[in-house]
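Q: Dropping a structure here in structure tokens format, bear with me for questions.
The values are calculated or read from the model by the stated rules, or taken from the named source; none is laboratory data. What you see is a predicted model; the values in this text were computed from it and never measured. Virtual Cβ from ideal backbone geometry, glycine too; neighbours counted across all protein chains shown.
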Amino acid sequence: MRIACSVYIAYLAVTMWRTAVALPSSAQKAVGMRALFVTTLLNPKAMLFASAIFPASAFAVPADYLQTMSIFAAALVPIGFLWIVFGAALGIGRLAWLSPERVQRGASLVLATFSVALAWTTLH
């Protein structure tokens, strides 16, 4: 499953990199509900967290589960807040140097790095 997730994430990274140049002149309509639903179903994050990030004992020992989920929730709140601040700064033009193309290319590099790391830890 990890290898399948790694390949899928690599595919997404390549696709994002290739489509980044089309962003500024894109005449496509906004993402529809069907595309959003399919993308959500194909999102491998839950499987990756369960198989690679959370310790196996979190699913066997109730105390470990509570501790793991508490740490995860404690990390999730500030990370979510930082994403909100980042989005607000983009929205009001404070980060004018950060074009949509650069954001998409950066996200593509992050996905590629994560894909390679996931494949590496799985195969070694």
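Q: State whether the residues of the range 67-79 include one that is of a type in the set (Ser, Thr, Tyr), closer than 22 Å to Arg2 by Cα and not assigned by TED's automatic domain parsing to the domain that holds Ala4.
A: Yes: one or more hits.
Q: How many residues does the range 94-106 contain that are closer than 9 Å to Trp17 by Cα and touching a Phe, Trp or Tyr at 6+ places or on another chain (Cβ under 9 Å)?
A: 2
Q: Here is a check on your reading of the model: is Leu98 under 23 Å from Thr15 (Cβ atoms), touching a Lys or Arg at 6+ places or on another chain (Cβ under 7 Å) and surrounded by 12 or more Cβ atoms within 10 Å (Cβ to Cβ)?
A: no
Q: Of the residues Ala107, Ala35, Ala88, Ala20, which is small (Gly, Ala, Ser), free of Cβ contacts under 8 Å to residues at least 60 places away in the same chain and assigned by TED's automatic domain parsing to the domain that holds Met1?
A: Checking each option against the conditions leaves just Ala35.
Q: Moving on to the next point. Within the range 55-63, identify whether any single residue is surrounded by 13 or more Cβ atoms within 10 Å (Cβ to Cβ) and either outside any loop (DSSP other than H, G, I, E, B) or at pLDDT 90 or above (or both), and answer yes or no.
A: Scanning the range 55-63, I find at least one residue that is surrounded by 13 or more Cβ atoms within 10 Å (Cβ to Cβ) and either outside any loop (DSSP other than H, G, I, E, B) or at pLDDT 90 or above (or both), so the answer is yes.
Q: Follow-up question, since we're still on this one. Just one of (1) over 24 Å from Ile9 (Cα atoms); (2) surrounded by 10 or more Cβ atoms within 10 Å (Cβ to Cβ); (3) not basic (Lys, Arg) trips up Val77, so point out which.
A: (2)
Q: Ok, one more. Select from the range 78-99 the residues that are over 16 Å from the mean Cα position of the chain (by Cα) and either under 21 Å from Asn43 (Cβ atoms) or not in a helix (DSSP H, G or I) (or both) and list them in ascending order.
A: Once the filter is applied, which keeps residues that are over 16 Å from the mean Cα position of the chain (by Cα) and either under 21 Å from Asn43 (Cβ atoms) or not in a helix (DSSP H, G or I) (or both), the range 78-99 yields Ile92, Gly93, Arg94, Leu95, Ala96, Trp97, Leu98, Ser99.
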